[in-house]
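Here's the structure, in structure tokens; my notes come after.
The values are calculated or read from the model by the stated rules, or taken from the named source; none is laboratory data. Worth saying up front: this structure is predicted, and the values here are computed from it rather than measured. All Cβ positions, glycine included, derive from the backbone under ideal geometry; neighbour counts span all protein chains shown. Surface areas here come from the heavy atoms of the whole protein model, side chains and all, with no ligands, DNA or RNA. Shrake-Rupley method; radii C 1.70, N 1.55, O 1.52, S 1.80 Å.
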Amino acid sequence: MSMKTDPSSPVHGTEKELRSLLHEIDGFHGDSQGLKRLQGMVNKIDSSRVNGVFGWQDGQDPPEGQAVLHALLHECYRKVKGKLDLLDMVEQEELDPALLPIKHDIEGVIKSLKAVENPTEELPRIQGRLDAIDSKRVNGIFGDPKNILPGQAVLHDLLNEAYSTVHQLQARN
């Protein structure tokens, strides 16, 4: 999101909070309790609105920047929900033990991607690891496509998260 509020706006602090929270959500790799804590922080910011307006002051027009804040708030909710859904799927779908090493490899790549400080130097090596993992799939399936092991959706979603993170890092460069 490239739009920003005016630094002198009464809602600029809320924007900074939401952007910081969005960054924390993006980098979060923990359990559902940690995600629910982040969701509570989003809810707290959301509940600071009065009549749907951030920075409402009686008798005055709503401060400029409402659209930016609403978009950031929506993005925070969307990302928390996506991560909660993924965690829920992982907890509900039984992952065949034969697929656990692949899951751990993908999670290791995601952790490495989240720690990238210099994308130009670090990204090619990490993306090589990710591509090597992805190349183990046959027709989109890890393992024997004639005997599909449970847990494919979990691995697919983790790969998607990893590739999305790669694209975000490339866009920053």
A careful count of residues in the stretch 112-134 that are surrounded by 13 or more Cβ atoms within 10 Å (Cβ to Cβ) and of a type outside the set (S, T, N, Q) gives 11
Trp56: passes all of (1) surrounded by 12 or more Cβ atoms within 10 Å (Cβ to Cβ); (2) in contact (Cβ under 8 Å) with a residue 24 or more places away in the chain; (3) not in a helix (DSSP H, G or I) but (2)
The lone condition Val116 fails out of (1) farther than 13 Å from Thr14 by Cα; (2) touching a helix residue (DSSP H, G or I) at 6+ places or on another chain (Cβ under 8 Å); (3) in the same structural domain as Leu21 (by the TED database); (4) not in a helix (DSSP H, G or I) is (3)
Within the stretch 11-27, of all residues that are touching a Leu at 6+ places or on another chain (Cβ under 7 Å) and open to solvent by 40 Å² or more (accessible area, probe 1.4 Å), the one modelled with the lowest pLDDT is Glu24
Of (1) at pLDDT 95 or above; (2) open to solvent by less than 60 Å² (accessible area, probe 1.4 Å), Pro101 fails just (2)
Glu94 being among the charged types (D, E, K, R) and part of a helix (DSSP H, G or I): no
Flagged in the stretch 148-172 as under 14 Å from Lys111 (Cβ atoms) and not hydroxyl-bearing (Ser, Thr, Tyr), in numbering order, are Leu158, Glu161, Ala162, Val166, Leu169
Taking His70 as the residue in question, decide whether it is modelled with pLDDT of 90 or more, surrounded by fewer than 13 Cβ atoms within 10 Å (Cβ to Cβ) and not aliphatic (A, V, I, L, M). no
Restricted to the stretch 33-52 and to residues being open to solvent by less than 40 Å² (accessible area, probe 1.4 Å) and modelled with pLDDT under 90, the residue nearest to the chain's Cα centre (by Cα) is Leu35
Reported set for the stretch 1-48 where residues are over 28 Å from Ile110 (Cβ atoms) and basic (Lys, Arg) is Lys4
Log entry, pairs with first residue in the stretch 133-161 being at positive phi and not assigned by the TED database to the domain that holds Leu86, second being among the acidic types (Asp, Glu) and in a loop (DSSP other than H, G, I, E, B), beta carbons closer than 9 Å, six or more apart or on different chains, reads Gly143/Asp96; Gly151/Glu93; Gly151/Glu94; Gly151/Asp96
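Condition check ((1) touching a Pro at 6+ places or on another chain (Cβ under 7 Å); (2) charged (D, E, K, R); (3) under 25 Å from Phe28 (Cβ atoms)) across all residues:
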site	(1), (2), (3)
Ala71	no, no, yes
Cys76	no, no, yes
Asp134	no, yes, yes
Arg137	no, yes, no
Asp144	no, yes, no
Leu158	no, no, yes
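What number of residues within the stretch 149-160 satisfy the criterion of being surrounded by fewer than 18 Cβ atoms within 10 Å (Cβ to Cβ) and either under 13 Å from the mean Cα position of the chain (by Cα) or assigned to a helix (DSSP H, G or I) (or both)? Before you say what the answer is, go through the steps one by one.
So in the stretch 149-160, the residues surrounded by fewer than 18 Cβ atoms within 10 Å (Cβ to Cβ) come out as 149-150, 153, 156-157, 160.
Narrowing further to those that are either under 13 Å from the mean Cα position of the chain (by Cα) or assigned to a helix (DSSP H, G or I) (or both): 153, 156-157, 160.
So the count comes out to 4.
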